[in-house]
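Only one structure is covered here, and it is reproduced in the block below.
Every read-out reported here was derived from the displayed coordinates using simple, explicitly stated rules and does not represent laboratory data. Quantities reported herein were computed from a predicted structural model and do not represent experimental measurements. Backbone-built Cβ (ideal geometry, glycine too); neighbour counts: all protein chains shown.
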Amino acid sequence: MSSDLRDLYQEVVIDHSRRPRNFRKLDSADRTVEGFNPLCGDKLVLYLKLKDRQIEDVSFEGSGCAISKASASMMTSAVKGKSTEEAKELFRQFHTLITEGPEGSVKREQLGKLAALGGVSEFPARVKCASLAWHTLRAALEGKEEAVSTE
Amino acid sequence: MRATVEALGGSKPGAFSRERWQADFPILRQRINGKPLVYLDNAATSQKPTCVIEAISNFYATCNANVHRGVHALSEQATEQFELAREKVRRFINAPKVEEIVFVRGTTEAINLVAQSFGRSRIRAGDEILLSSLEHHSNIVPWQLLCESVGAVLKVAPINEAGELVLDELEGLLGPKTRLVALAHVSNALGTVNPVRQLVAMAHAQHVPVLLDGAQAIPHMPVDVAALDCDFYAFSGHKMFGPMGIGVLYGKREHLQSMPPYQGGGDMILSVTFEKTVYNRLPYKFEAGTPDVAGAVGLGRAIDYLSELGMERVASHERELLGYATRALTGIPGLRLIGTAREKASVISFLLDDIHPHDVGTILDQEGIAVRTGHHCAQPLMERFGLDATARASFAFYNTREDVDRLVDGLAKVKELFR
């Protein structure tokens, strides 16, 4: 088994994909945005409830590969309670990590649990899977209503 | 042993051996992620033997010039080679006449040509076009575009759980308003081989012409358009070991002759004034602009290569390999085949446990095994099975039992990682 693969599919990633957190419809959501990855068919619906520019609650539903599901699950856990600016900054750092890799300008340590997805940087074809939920979140934070596509 | 070798390879010992394919196909000698390449994405595109690569390179090195134009030696040579390739195609699919072979960019362009030219001139508001549930997007969207512009209606023949066309339902959908039937010869996503001869006869009984999308049939089995009696047959060079960017539309002369041009430009005309243009004869009427001459030459060489192997032997090797692979894969606990038609080409779509095909594909790639994952450009078909995606292993004559064993080992690694 290659070490890159073990790094991509860490146990915590598999766990989040099998038992995604915040995987439900949020009836009280004030923003709902759909995200698609047309290439692999990943799709999700992101529900967001904001209060005073703080993320009061966030959840998702959908289907996709282990990476996209785990990423959505870990993202919802990470951004709950954060301000919209903090969440966007976290996306910027996360995106840097998964595209630039461990030698890039963002270190894994800075990202806490989200760092488990750092192995994606060795698999450029899977960056879209890991970032789909985040692109969708950003659209929701910016008040956009049209569906988000990674293509 | 000797008998086996002769039965398979005739005068060439070990004709269907890994050693021969590695000698003939440079890409198959490569290592991917440190492992010898196992290429199982032939339904997406096939690999090219050295002879094809050299034919393209030789064309540019020795006789590149535009065709049907110059009086100089190179132009004549280029034209001769281009037309020789056309004749090779004609013979390969047993088309009655060489002017029935139109060079296009690929299957997609061939179908668009028929939709726009035949379709727009013959199909009116309220008319019906009959497809099936297992079509590739390239045999759906061109007809939708036509329907939108002329007000015609698409009808879709269903398939059963095995992925086979339900023939009596298809027959029931053929009616007085049906103007064309457009069907895959072989399904790209499931491998189902449709009973096309019977289907053509069924449609002709109602005086309805038939287009067959042959992209996935032509690399796997002998195709005889005269015996099939289809009205149009479309296929791509790159799926039959030839280059990308060249393909073929076969059309019965009676149709091609009465159809208006698809595109306008050079080479498709006899004379042009601002008042009136006289179109060229077949097949040039449908070949506007400078064609992919080197591509056609490469395709011709691929046809030579396949003819030397013999399509009957290609088909029987793949039948044996499909049986071996099907037995091996169904032996894996948690593996589910999607598409279990009685008549199949060497394509296996599958799901493994609850693991998403995309993850399966990434892990196999790390083992040097190339498979396709996703909806295979057949979203309505995936929807029919209630799926977003499958993993697909698609074989060619150069695949071996060893490739299947490597796939099985790779899938064991997938299961291990997701345990």
Checklist entry - Of A:Ala115, A:Leu141, A:Leu97, which is farthest along the charge dipole of region A:3-142 in the positive direction, counting Lys and Arg as +1 and Asp and Glu as -1 at C-beta? => result A:Leu141
Next on the checklist: Treating only the Cα positions of region A:85-151 as identical point scatterers, give the base-10 log of I(q)/I(0) from the Debye formula at each q in 0.25 Å⁻¹.
Outcome noted: -1.09
Next on the checklist: Using amide H atoms built in the peptide plane, which far-off residues or other-chain residues are under 5 Å from B:Lys344 H to H?
Outcome noted: B:Val193
Checklist entry - In the protein assembly as shown, what % of DSSP beta bridges are antiparallel (nearest 5)? => result 70 percent
Checklist entry - When the gyration tensor of region B:53-307 is built from Cα positions, what are the square roots of 5 times its three eigenvalues, in whole Å, from largest to smallest? => result 32, 22, 14
Checklist entry - On average, how many beta carbons from a partner chain sit within 10 Å of the beta carbon of a residue in B:347-359? => result 4
Checklist entry - If you wrap region B:334-419's Cα atoms in a convex hull and average its projection over all directions, what's the area in nm²? => result 5.9 nm²
Item to check | Relative exposure of B:Tyr305, B:Tyr262, judged by other C-beta atoms within 10 Å (fewest first) | outcome: B:Tyr305, B:Tyr262
Checklist entry - Dipole magnitude of region B:263-336 about its Cα centre, charges +1 at Lys/Arg Cβ and -1 at Asp/Glu Cβ only, in debye to the nearest 20? => result 280 debye
Next on the checklist: Taking each residue in A:38-48, count the Cβ atoms of any other chain within 10 Å of its Cβ, then average. What number comes out?
Outcome noted: 3
Checklist outcome for this item: Cα-based Debye curve of the protein assembly as shown sampled at q = 0.05, 0.07, 0.08 Å⁻¹ gives log₁₀ I(q)/I(0) of -0.26, -0.50, -0.64
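Where in region B:262-321 are there GluC sites (Glu not before Pro) that are in a DSSP coil and have at most 14 other Cβ atoms within 10 angstrom of their Cβ?
The qualifying sites are B:Glu275.
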Checklist entry - Along the charge dipole of the protein assembly as shown, Cβ charges K/R +1 and D/E -1, which of B:Leu417, B:Gly126, B:Gly106 sits furthest on the positive end? => result B:Leu417
Item to check | Rounded to the nearest 20 debye, dipole of region A:3-142 from Cβ charges on Lys, Arg, Asp, Glu | outcome: 300 debye
Checklist outcome for this item: The residues A:Ser28, B:Ser17, B:Ser236, sorted from fewest to most surrounding Cβ atoms within 10 Å, come out as A:Ser28, B:Ser17, B:Ser236
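When DSSP assigns beta bridges and you keep just the ones with both residues in region B:205-324, what percent turn out antiparallel, to the nearest 5?
Bridges in region B:205-324 are about 75 percent antiparallel.
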Checklist outcome for this item: Put in order of increasing Cβ neighbours within 10 Å, starting from the fewest, A:Lys43, A:Lys51, B:Lys155 give A:Lys51, B:Lys155, A:Lys43
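Roughly how many debye, to the nearest 20, is the charge dipole of chain B about its Cα centre, given +1 on each Lys and Arg Cβ, -1 on each Asp and Glu Cβ, and no other charges?
Magnitude of the dipole: close to 360 debye.
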Checklist entry - So what's the gap between the Cα centers of region B:203-263 and region B:80-134, to the nearest angstrom? => result 5 Å
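Quick one: of A:Lys69/A:Lys144; A:Lys80/B:Lys415; A:Lys25/A:Lys88; A:Lys69/B:Lys35; A:Lys128/B:Lys413; A:Lys43/A:Lys80, which pairs are farther than 31 Å apart, Cα to Cα? Write down the numbers at each step before the final one.
Details: A:Lys69/A:Lys144 22 Å; A:Lys80/B:Lys415 33 Å; A:Lys25/A:Lys88 22 Å; A:Lys69/B:Lys35 29 Å; A:Lys128/B:Lys413 24 Å; A:Lys43/A:Lys80 21 Å.
Violating the 31 Å Cα-Cα cut-off are A:Lys80/B:Lys415.
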Checklist entry - What percentage of all Cα-Cα pairs in chain A are separated by more than 19 Å? => result 48 percent
Next on the checklist: Just to confirm a number: summing +1 for Lys and Arg and -1 for Asp and Glu over residues other than B:Val200 whose beta-carbon lies under 15 angstrom from that of B:Val200, what do you get?
Outcome noted: -3
